[in-house]
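Structure first, then comments.
Computed from the coordinates by the stated procedures, all read-outs in this text should not be read as laboratory data. Everything numeric in this text was worked out from a predicted model, so none of it was measured. FYI the Cβ positions are ideal-geometry reconstructions off the backbone, even for glycines, and counts take in every protein chain you see.
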Amino acid sequence: MIYRQTIEVPSYLCDEFDRLHPWAAIRLCQEVTEYHGNATGIGFKTLVAQNRAWVLTRALYNIRRLPDAFETVELSTWSRGHNGLVAWRDYMMTDKDGKELLSGTSYWPMIDMTTRHVLRLNDVIKGYENHDILATEHREIQKVKIPNDVQPDGEMQRRVVFSMLDHTRHVNNSEYIRMLFDLLHEKEFDTQQPFVIELNYNMESRLDEDLTIRHWQVEQEHFIQIDNPRAVSVTARIARI
């Protein structure tokens, strides 16, 4: 099934200009994923009872326009299938006239909560309904590579605090995006203009860890890397479309 949800954009998820924050738009995508999972028997509560959980490893979002506070939008999501280890999920957000606001695609493996090992999906979601419909122009998401011949031109520190954690007990994926745009604000990046954001989630970050967020710019492309004390946590690329 394609799962659809009509949403009135809450003002508390909006910025100083009463536009939906980029991190909040992506958090809503994660939320509709949870609703779809619950409706089809593979949501968090069902899986955690089996000591399993979905984890997001890669994502790409085309953001054409961030909707205004109290604007009514439709957010839809569907599964595009899987390759045995990774499930592919797409998103579409449209305004009341059906015009695209956001489109996205993402990679979701399932892990054993104790061992953190990736599980095979063939039996776990056997018979699950998939739709081979591309929300974006990307059937596959490439790995984000930080340029190695350019020096970083911005840096900030963040400590992982309680409010950043979700029910998996590590930093929620959208919280990293909040950090990215806090740093990009210093570069006067205008979120009113369309942009694409590509993300690789490499290593979870935990409570009380200190994170270092670094920025590189190559012409109109922005690259950001978030490191925790153990490894590279997130790499991202943000560019105009």
Can you pull out the trypsin sites (Lys or Arg not before Pro) in region 167-201 whose DSSP state is coil and whose Cβ has at most 15 other Cβ atoms within 10 Å? Arg169, Lys187
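Would you mind counting up the charge near His215? Only other residues with Cβ under 13 Å from its Cβ, with Lys and Arg at +1 and Asp and Glu at -1.
Values: positive: Lys187, Arg214, Arg237; negative: Asp153, Glu155, Asp182, Glu186, Glu188, Glu221, Asp227.
Local net charge: -4.
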Peptides ranked, highest mean first, by Cβ atoms within 10 Å: ranges 212-218, 139-145: 212-218, 139-145
With a cut-off of 8 Å between alpha carbons and a minimum separation of six or more residues, what is the relative contact order of region 3-124 in percent? 28 percent
Could you tell me the center-to-center distance, by alpha carbons, between region 191-216 and region 35-96 in angstrom? 19 Å
As a test of the formula, what do you get for the chain when each DSSP H run with n ≥ 4 contributes -39,500 (n - 2.57) and the sum is divided by the residue count, at 222 nm and rounded to the nearest 500 deg cm²/dmol? -5000 deg cm²/dmol
Here the net charge surrounding Leu134, from other residues whose Cβ is less than 15 Å away from its Cβ (Lys, Arg +1; Asp, Glu -1), is -2
For a footprinting-style exposure proxy, rank Thr72, Thr94 by other Cβ within 10 Å, fewest first. Thr72, Thr94
Calculate the spin-label point distance for Asp18 paired with Asp190, positioning each point 7 Å from the Cα along the beta-carbon direction, and give it in nanometres. 2.1 nm
Over the chain, relative contact order from alpha-carbon pairs under 8 Å, at least 6 apart, %: 19 percent
Excluding Val55 itself, what net charge comes from residues whose Cβ is under 13 Å from its Cβ, given Lys and Arg +1 and Asp and Glu -1? +2
Would you please put 53-65, 199-211 in order of how densely packed they are, using the mean number of other Cβ atoms within 10 angstrom per residue and starting with the highest? 53-65, 199-211
